[in-house]
Each structure stands twice: as structure tokens, then as C-alpha cells.
1. Just tell me which lysines come within less than 23 Å, Cα to Cα, of Lys100; anything on the same chain fewer than 8 places away is out.
2. For the stretch 1-73, calculate the relative contact order in percent as a whole number, restricting contacts to Cα pairs under 8 Å that are 6 or more residues apart.
3. Just the accessible area per residue of the chain, please: how many Å² with a 1.4 Å probe?
4. Could you work out the Kirkwood radius for the stretch 88-146, taking every pair of different alpha carbons, averaging 1/r and inverting it, reported in Å?
5. Please report the relative contact order for the stretch 88-133, taking Cα pairs under 8 Å with a sequence separation of at least 6, and give it as a percent rounded to a whole number.
6. Who wins for biggest fluctuation among Met18, Met41, Met83 in a Gaussian network model of the chain, springs between alpha carbons below 10 Å?
7. Given a Förster distance of 45 angstrom, what is the FRET efficiency for Ile145 paired with Asp117, based on the Cβ-Cβ distance and rounded to 0.05?
8. Over the chain, what per residue volume does the convex hull of the Cα atoms give, in whole Å³?
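The values are calculated or read from the model by the stated rules, or taken from the named source; none is laboratory data. Small disclaimer: the values here were computed from a predicted structure and weren't measured. Reconstructed Cβ throughout: ideal geometry from the backbone, glycine too, with neighbour counts over all protein chains shown. The protein model used for the area step is the full one, side chains on, heavy atoms only, and it has no ligands, DNA or RNA in it. Shrake-Rupley method; radii C 1.70, N 1.55, O 1.52, S 1.80 Å.
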Amino acid sequence: MFPTHIEDAKIYDADNNMELIGIATVTLPTIEKKKTTLEGMGVMGTMEFVNETNIENMTVSLTFRGITDKNPNLLKGNKTLEMRAALNFYDSALKTYTEKQFRAVTSGMTSSFEMGDIEISSTMSLKVEMNLQSYKVWLDKKSKIEIDVLNGIYKIDGIDLRQTINDIVG
């Protein structure tokens, strides 16, 4: 079974009774792990080690089809957004299609709010970028990714990869 396309998707303000925010395109965060460079005597050159559970700043980017009554609220403090999508999967053995729920929840503050251009006979794009504190992803109602930078949470497929580190440092 493999994913074929997104059948439908919506974005909600999770802090405001799951209110629909507007029509948007969302670029989900890139999870980029921090690296430490090893160099010096005894090392032939340099080598970068990936820090397993330390990450660079995560951002989510949203492009709305213009301003609405709802999207300026993204400028008010820390916001939690929930993106839901119906993903279409194809099973080549059974020759059938199935839909599965994809859900992503981001929490953070807006770092940029670009209103875009005003032009006759054209659409208006409003671009928002948020710096994230936390990011959670579910597929078919199963937790896949849970990262909370300020609370030391880094779980993949429900496995806490920071458990030993958190036990050591408290």
C-alpha cells in the first residue's frame, strides 16, 4: 500500500474551538538535527556527528488565499494549529483505494506575516511563518512524531528517544 494523493485538507485554530482559519497551502517543518564537528590531533580532517535528539529551529509556513477575519489572529502570541488531511492510499495487491487520516499539530509564534501584493484581477496571498516549540504528527490515528523543544520530548513511533537523557539530567 502506498500514498497516491491528498483527497482533502483543512487547517484549524486549535486554541479557538477548532475554528477553520481559511484556504491555505502549508509547508510543514523540516526536522534538521544539530551536528557537532570533530576535529584536531588524531583525526584525519574533520567529521560531523549528528546529535540524535537535538534539533535546529523548526518553522511552519502557511500561504493563505488573502486575508480573512481569522488569519490576523495568528499575530497574537503563541498559537496552536491543527492540519488535517485525508490521504489516499492504493493497495496494488487488492487493487483498492483507502483513505487514512493525516494530522499535524504545531505550536509556536508567528515570526513573519506578509500581506503580499494588491493587483487588479489577481488573487492576494498572505504568507505566515511560525517558529515552533512543538510539532506532532499522526497517521491513521497513530502517533508518528512528537517533538517539544522546551519540554525535552522527542518521540518517534511512540518511542521516547530522549528517555535516557531525561533520566540522567532530570
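1. Within the straight-line cut-off, Lys100 pairs with Lys10, Lys136, Lys141, Lys142, Lys144, Lys155.
2. Once divided by the residue count of the stretch 1-73, the mean separation gives 31 percent.
3. I get 65 Å² per residue for the chain.
4. It works out to 15.1 Å.
5. 32 percent
6. Per the Cα network of the chain with a 10 Å cutoff, Met41 tops the list.
7. 0.80
8. So the per-residue hull volume is 211 Å³.
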